[in-house]
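Written out below as structure tokens is the structure these notes cover.
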Amino acid sequence: MFKWLEKNLPKIVMAPAVGLIGWFVYGFVLWTLYISFTNSKILPKYELWGVGQYVKLWGSRKWLIAVDNLLIFTALFLIFCIVIGIILAIFLDQKIRAEGILRTIYLYPMALSFIVTGTAWKWILNPTLGIQKMFRDWGFENFTFDWLVDREMAIYTIVIAGVWQSAGFVMALFLAGLRSVEDEIVKAAKIDGASLFTVYWKILLPMMRPVFFTSFVILVHISIKSYDLIVALTQGGPGISTTMPALYMTQTAFHKSQVGLSAASAMMMFMAVAAVIIPYLYSELRRENAR
Amino acid sequence: MQDSLKSSSYQQLEKKSKYTNMFLRWFLYFILILFASYFIFPLYVMVVTSLKTMEEIRQGTLLSWPSGLNLESWAVAWGGRGYGAGDTFLRPYFWNSIKMVVPAVFFSTFIGAMTGYVLTKWRFKGDQWVFLFLLFGCFIPFQAILLPMARTLGVLGISNSVVGLVLVHTVYGIPFTTLFFRNYYVSVPTELVKAARIDGAGFFKIFFKILLPISAPIIVVTVIWQFTQIWNDFLFGSTFSFGEAAPIQVALNNMVLSSTSVKEYNVDMASAIIAGIPTLIVYVLAGKYFIRGLTSGAVKG
């Protein structure tokens with residue numbers, strides 16, 4: 001008995017982690033999947049109902065708006081974060097004075113919660129006392145910046161705040177990537193007469209492919225899950241114009257008590273994330289095994 | 001003669017490139033500072049707004065300097081105005097968050113360290129798959145587990161309590177903490193462990209005598225990561241707690257959204273800073289470890 005215990009001690013020590021994740025991640029996802037095929041309202045029902053909830057979901061105007069918003073947000077969020085992140089990383093890589101301070105400034109928003117970020121930007125963007133008033137007081141009397149209360153434009157305020165929060169993170173990833181390149185490669189290229197621009201454009205950035213890939217995956221992941229920022233900034237409004245899937249899911253579950261429908265929306269989010277993450281994990285593991 | 005010709009044209013070239021270089025340098029700093037102001041702007045606005053009176057806010061602009069060090073809105077944000085019902089302030093929720101963060105960080109870090117240790121130093125057939133099994137937990141959208149979690153907390157009788165949130169944060173922190181420790185211990189030479197095993201050291205002795213003493217950096221990274229994640233969480237806090245058991249981010253959001261009486265932006269900003277200050281302090285003091293957590297949480301291996 002004692003012998004058995006000693007032999008299996010490592011597995012016993014590992015059991016809590018595996019058990020907890022097995023139950024609370026895999027078990028729960030399966031439960032949600034099952035519920036998405038039932039006609040559950042306030043309380044879960046366990047009688048199968050087919051794909052009715054998914055049909056209902058994709059027929060819902062609010063969900064379609066949420067998906068639309070997600071696509072707009074993801075595209076802009078990705079482009080701006082990556083472009084700003086790369087520019088800052090390359091510029092910081094030029095033996096800049098006060099690099100440490102600048103880096104700290106670019107990255108500190110990552111330490112704040114999305115609720116804090118949203119609260120701050122909501123105040124800055126509010127038309128009565130925020131940026132709009134600032135410019136009008138400065139003499140630009142026709143200056144208008146009321147995206148926060150404009151149905152068509154409100155989604156872009158979420159982009160502004162989201163990019164503010166996450167661009168520094170991309171900068172950190174790329175800076176780490178650039179610093180890991182051996183100096184000899186750059187020196188050799190310079191001796192061959194390549195300009196600094198060519199060195200970056202033709203040599204260094206192509207070498208950063210894994211960093212692009214990582215940034216892409218992390219940013220898409222953040223954007224699919226975005227919830228807090230929208231709650232703090234717009235609550236999905238004006239109207240339902242800035243609803244996103246994560247917000248749709250919680251509202252459907254906890255305000256409208258449509259448990260089956262919200263489970264279906266959660267599973268759609270799950271599948272979207274899986275579509276991005278599984279290839280990523282696969283390639284990362286292959287890279288690791290190749291080493 | 002040819003020599004001097006060459007050198008003069010070379011000097012010209014060098015002079016020209018010196019000017020372009022200087023121009024480029026200025027351009028570089030200009031862009032860097034421009035972005036720095038974009039990033040610093042909201043923080044600046046938050047701080048000055050929190051120090052103004054509402055009168056000053058209405059009259060001045062976002063950027064205008066406060067007339068003095070007016071700390072009243074800070075006092076209101078932290079301790080309220082002292083009239084009973086409807087007077088929400090952050091102090092109790094701040095302590096809720098502390099009571100939630102400390103145990104959750106401790107348990108998740110401990111479990112992650114143990115699991116990472118087993119996965120690297122007591123390898124067995126299929127351990128790669130176990131790792132992958134755990135790793136996937138880093139990425140699931142939590143919406144897919146919210147409904148069953150709410151029911152489970154109800155069944156356990158710990159919904160709407162700090163204990164419930166500790167459980168939730170511990171469980172969903174394990175994939176990350178395991179990832180951190182596993183990647184750190186992978187680089188520790190296995191020979192050390194093998195030698196100790198031959199000397200008759202057991203499972204726990206090897207962990208506490210060999211691995212734990214060299215684990216300080218990764219413990220710092222993990223604790224900072226978990227602290228930041230849990231302190232800043234809103235989804236779990238707002239779904240599984242309300243009223244008195246809420247953590248600070250939920251309370252902040254409720255305060256800002258509450259539409260009773262006149263909107264007090266100075267109090268809102270003071271509250272936001274209070275909710276953000278613990279993680280900001282950690283970031284400023286231990287930025288190096290914070291960034292390491294961020295990048296290795298993202299780029300594994």
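What follows is calculated from the coordinates using simple rules that are stated; it is not laboratory data. If you're wondering where the values come from, they're calculated on a predicted model, not measured in any experiment. When we count neighbours, we look across all protein chains shown, and the Cβ atoms used for this are built from the backbone with ideal geometry, even at glycine.
Each 10 Å bin from zero up to the one holding the largest Cα-Cα distance in the stretch A:1-108 carries the following percent of pairs: 11, 17, 17, 19, 22, 13, 2.
Of the Cα atoms belonging to chain B, the radius of gyration and Dmax stand at 26.8, 95 Å. For chain A, the relative contact order comes to 29 percent (Cα pairs under 8 Å, sequence separation of at least 6).
Computed log10 I(q)/I(0) for the stretch A:78-159 at 0.15 Å⁻¹: -0.78, from the Debye equation with unit scatterers placed on every C-alpha and solvent omitted.
Between A:Ala188 and B:Lys263, what FRET efficiency comes out of the Förster formula 1/(1 + (r/R0)^6) with R0 = 45 Å and r the beta carbon distance, rounded to 0.05?
0.15
Shielding value for A:244-250 is 3, the average number of Cβ atoms from other chains within 10 Å of each residue's Cβ. Once divided by 2.2 N^0.38 Å, the Cα radius of gyration of the stretch B:180-301 becomes 1.54. Projecting the Cα positions of B:Ser238, B:Tyr283, B:Ala270 onto the charge dipole of the stretch B:197-301 (unit charges on Cβ atoms of Lys, Arg, Asp and Glu, taken about the Cα centre) puts B:Tyr283 furthest along the positive direction. Counting, for every residue in A:27-34, the Cβ atoms of other protein chains within 10 Å of its Cβ and taking the mean gives 5. Each Lys and Arg Cβ is given +1 and each Asp and Glu Cβ -1; about its Cα centre, chain B then shows a dipole of about 1100 debye. The alpha carbons of the stretch B:91-167 give a radius of gyration and a Dmax of 15.9, 51 Å, in that order. Neighbour counts of other Cβ atoms within 10 Å put B:Lys99, A:Lys256 in the fewest-to-most order A:Lys256, B:Lys99.
Scanning chain B for long hydrophobic helices, with DSSP H runs required to stretch 27 angstrom or more by C-alpha along their axis and to average at least -1.0 on the Kyte-Doolittle scale, returns B:2-50, B:91-121, B:162-185, B:265-285. Percent of alpha carbon pairs in the stretch A:150-291 separated by more than 21 Å? The proportion of pairs with Cα distances above 21 Å equals 60 percent.
The residue among B:Thr295, B:Leu32, A:Gly260 whose Cα reaches farthest toward the positive pole of the charge dipole of the protein assembly as shown, with charges on the beta-carbon of Lys, Arg, Asp and Glu, is B:Thr295. Taking the Cα centre of the protein assembly as shown as reference, the dipole from Cβ charges on Lys and Arg (+1) and Asp and Glu (-1) amounts to some 1420 debye. Comparing A:Val159, A:Leu92, A:Val29 along the charge dipole axis of the protein assembly as shown, the residue lying farthest to the positive side is A:Val29, per the Cβ-charge model. Built from the Cα atoms of the stretch A:1-40, the convex hull projects on average onto 3.7 nm², one quarter of its surface area. For trypsin sites (Lys or Arg not before Pro), the sites in the stretch B:102-172 that DSSP calls loop and that have at most 14 other Cβ atoms within 10 Å are B:Arg123, B:Lys125.
Rounded to the nearest 20, the Cβ-based charge dipole of chain A about its Cα centre (Lys and Arg +1, Asp and Glu -1) stands at 640 debye. Here is the tail figure for chain A: Cα pairs spaced more than 24 Å apart come to 65 percent of all pairs. For a distance above 44 Å, tell me the whole-number percent of Cα pairs in the protein assembly as shown that qualify. Tail of P(r) above 44 Å: 25 percent of Cα pairs.
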